[in-house]
Amino acid sequence: MERSESPHLFSGSTLDGYTSGVWHASALLADRVKAVRQPYSGAGVAELQEQVDAVDLDRPLGDTGAALHEVARLYLDNAVWFHEPTYVAHLNCPVAIPALSAEVLISAVNSSVDTWDQSTAGTLIERRLIDWTAGRIGFGPDADGIFTSGGTQSNLQALLLAREEALVGLDRKDAIPQLRIFATTESHFSVSKSAGILGMAADAVVGVATDGTGRMDPGALVAAIDGVRRDGGIPMAVVATAGTTDLGRLDPVDAIGAICGDQGIWFHVDAAYGCGLLVSPRRRHLLDGIEKADSVTVDFHKSYFQPVSSSAIVVRRGETMRRIAVHADYLNPRTAAVPNQVDKSLQTTRRFDALKLWMTLRTMGAEQIGDMFDTVVDRAHETYLQIDDDADFEAVAAPTLSTVLFRYRPAGMSVAECDELMPKLRQRLFYGGQAIVAGTTVGGHYWLKFTLLNPNTTMTHIRSVLDLIRGIGQEMTGERDQAAAVMA
Ligand SMILES: *Cc1c(COP(=O)(O)O)cnc(C)c1O
């Protein structure tokens, strides 16, 4: 007897189930979002652990609607909402609706952009977007690139290409331990993680001094390169960060690019955060010189309002990607006459994430994205002035992009007391659920961090978050003083 078709698999005869499933999910989401008033419910780990553990995965509910209702309780009721204007913690953005429409298509069609025969037009759409991004960077017609899962993977691939370039003509086994990467301590941790994955020495990442504002000092870079060469090391790559994760600083890419050009060293620009400037109507000049890079990391899921994942690595000379091509007879034979993206990717099966950016560009256009990025940068400057003006708060420095590092330190509170209080205050704020900020250390001291990526966050929202922090700070110092009085 022939088996009847599963009602749960997407096909031409299950479209009713499909449309009702997708409709039901989006209706449920809309219902939840309408009720959301703050970025988090405030639920603790133990409480959520208990709820998740209580589900018996071996007893299916049999029905998408029932499973959705369970998930709404388990996940949506306690999700962290990045679209809420008082979510000002990490590099997460509210997402563009055209990209969400694209998500519906790419997950149901389920194209895999590894080979032409699994993606066809998808491959060509992804390639157009790489060319478009390369054009914005200022690369010529030889540029190439690939979409990746994120900035971490883009940085890894960039450094892999740099390693392969540096090893040309050398004995791999002897040379790999001698390879060195130059970056500042402000660079993303994926740089040193990549060095480890690439089999480099434990001290392969050479810290280049900054100029006091957190930007790489080009003079110090030259000195560091000279030092490495003197000691028999092989300079493999310089990583400039265009938008450091904490301070949002832009390393001077033009000057660093000139040094790399003179010295014949691979120049990688990690613009995971600052790539929004590529489409900025008012601040594109801040990236002048990025066209000198050999490779650039761009994270569309940070400053282009794209859902995770959407990221790319773009290289100035496409031929440098060919060194990592590996061929399999069953997938992308060397003799293939069609474009196979897997030749250029660290992944094999890969989502057609490019369609989300495509839909966003075709609906809104690049200028609107850049304008929204400009707006959050403006807001960060206003936030800095607001903090600077308030006797209870202090900020590290004026921002470059959209992060502001600050702390609550009213008159009479020592820096040591403040260092002790801030992490606890951040924790209490998080579990209050009304606003979420990040935290980090700079120069051995703990700072709170606003990361602004939501153009709907106004100064009224910012002031309300500062007031919440002040309130919690007063409450906590009150509790502390009371405890001290009891002890005395
Ligand atoms: C976020 C970030 C990364 C990592 O990107 P993911 O998409 O999170 O993997 C790399 N570099 C910088 C500067 C970043 O801000």
Practice task
Please determine, by comparing only the residues of the range 249-266 that are touching a Lys or Arg at 6+ places or on another chain (Cβ under 8 Å) and open to solvent by 10 Å² or more (accessible area, probe 1.4 Å), which one is farthest from L278 (Cα to Cα).
Solution key: G261
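Matching residues to (1) assigned by TED's automatic domain parsing to the domain that holds F450; (2) more than 21 Å from the chain's Cα centre (by Cα):
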residue: R322; (1), (2): no, yes
residue: Y330; (1), (2): no, yes
residue: R334; (1), (2): no, yes
residue: P339; (1), (2): no, yes
residue: V342; (1), (2): no, yes
residue: R350; (1), (2): no, no
residue: D371; (1), (2): yes, no
residue: A391; (1), (2): yes, yes
residue: R407; (1), (2): yes, yes
Practice task
Determine the pairs where a residue that is on the phi > 0 side of the Ramachandran plot, located within the range 34-61, has a partner that is part of a loop (DSSP other than H, G, I, E, B) with Cβ atoms under 6 Å apart, the partner being 6 or more residues away or on another chain.
Solution key: G42/G433
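Specify the residue that is farthest from the ligand (Cβ to nearest atom); the eligible residues are those in the range 168-191 that are touching a residue at least 12 places away in the same chain (Cβ under 8 Å) and surrounded by fewer than 18 Cβ atoms within 10 Å (Cβ to Cβ).
Restricting to residues being touching a residue at least 12 places away in the same chain (Cβ under 8 Å) and surrounded by fewer than 18 Cβ atoms within 10 Å (Cβ to Cβ), the top hit is L170.
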Handout entry: T210 being over 16 Å from A255 (Cβ atoms), in the same structural domain as E164 (by TED's automatic domain parsing) and within 16 Å of the ligand (Cβ to nearest atom)
Key = no
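Among the listed residues A380, A398, identify the single one that is without any contact (Cβ under 8 Å) to a residue 24 or more places away in the chain and not assigned by TED's automatic domain parsing to the domain that holds R136.
It is A398.
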Handout entry: Flag for A201 being hydrophobic (A, V, I, L, M, F, W, C), touching a residue at least 24 places away in the same chain (Cβ under 8 Å) and open to solvent by less than 50 Å² (accessible area, probe 1.4 Å)
Key = yes
Exercise for the section: Could you tell me which numbered condition L385 fails, if it satisfies all but one of (1) assigned to a helix (DSSP H, G or I); (2) under 22 Å from G248 (Cα atoms); (3) open to solvent by less than 50 Å² (accessible area, probe 1.4 Å)? Expected result: (3)
Completion exercise
Among (1) of a type outside the set (G, A, S); (2) surrounded by 21 or more Cβ atoms within 10 Å (Cβ to Cβ); (3) in a helix (DSSP H, G or I), R350 falls short only on (3)
Exercise for the section: Test V71 against the stated conditions and say whether it is more than 16 Å from the ligand (Cβ to nearest atom), surrounded by 23 or more Cβ atoms within 10 Å (Cβ to Cβ) and among the hydrophobic types (A, V, I, L, M, F, W, C). Expected result: no
Practice task
Return the only residue of G233, G227 being touching a strand residue (DSSP E or B) at 6+ places or on another chain (Cβ under 6 Å) and more than 16 Å from the ligand (Cβ to nearest atom).
Solution key: G233
Practice task
Given the conditions (1) open to solvent by 10 Å² or more (accessible area, probe 1.4 Å); (2) outside any loop (DSSP other than H, G, I, E, B); (3) within 15 Å of the ligand (Cβ to nearest atom), report the number of the one that D246 does not fulfil.
Solution key: (2)
Problem - Contacts under 6 angstrom Cβ, first residue in the range 401-416 being closer than 30 Å to T375 by Cα, partner of a type in the set (S, T, N, Q), 6 or more apart - result: T403/T451; V404/T383
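Name the residues in the range 28-68 that are more than 27 Å from S464 (Cα to Cα), small (G, A, S) and surrounded by 11 or more Cβ atoms within 10 Å (Cβ to Cβ), would you?
G65, A66, A67
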Handout entry: Members of the range 130-167 that are aromatic (F, W, Y) and surrounded by 18 or more Cβ atoms within 10 Å (Cβ to Cβ)
Key = F139, F147
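Can you tell me which residue among I146, I181, I176 is of a type in the set (A, V, I, L, M, F, W, C) and under 26 Å from D217 (Cα atoms)? Break it down into steps so the answer makes sense when it comes.
On the way: I146 fails: under 26 Å from D217 (Cα atoms); I176 fails: under 26 Å from D217 (Cα atoms).
Every option except I181 fails the conditions.
Inside the range 281-305, can you point out the residues that are open to solvent by less than 10 Å² (accessible area, probe 1.4 Å) and hydrophobic (A, V, I, L, M, F, W, C)? If you could, list the steps in order and put the result at the bottom.
Step one: of the range 281-305, the residues open to solvent by less than 10 Å² (accessible area, probe 1.4 Å) are 287, 289-290, 293, 295-300, 303-305.
Of everything in the range 281-305, those that are open to solvent by less than 10 Å² (accessible area, probe 1.4 Å) and hydrophobic (A, V, I, L, M, F, W, C) turn out to be L287, I290, A293, V296, V298, F300, F305.
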Practice task
Evaluate the range 213-225: report whether one residue or more is at pLDDT 95 or above and of a type in the set (S, T, N, Q).
Solution key: no
Handout entry: Breaking point among (1) in contact (Cβ under 8 Å) with a residue 40 or more places away in the chain; (2) out of contact with any helix residue (DSSP H, G or I) (no Cβ under 7 Å at 6 or more places or on another chain); (3) among the hydrophobic types (A, V, I, L, M, F, W, C), for M236
Key = (2)
Practice task
Take the range 94-123 and flag every residue that is open to solvent by 10 Å² or more (accessible area, probe 1.4 Å) and either within 16 Å of the ligand (Cβ to nearest atom) or charged (D, E, K, R) (or both).
Solution key: V95, E103, D117
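The values are calculated or read from the model by the stated rules, or taken from the named source; none is laboratory data. Quick caveat: nothing in here was measured; it's all calculated off a predicted structure. With ideal geometry, Cβ positions are generated from the backbone for all residues, glycine too; neighbour counts draw on all protein chains shown. Keep in mind that these areas ignore ligands, DNA and RNA; they rest on the heavy atoms of the full protein, side chains included. Shrake-Rupley method; radii C 1.70, N 1.55, O 1.52, S 1.80 Å.
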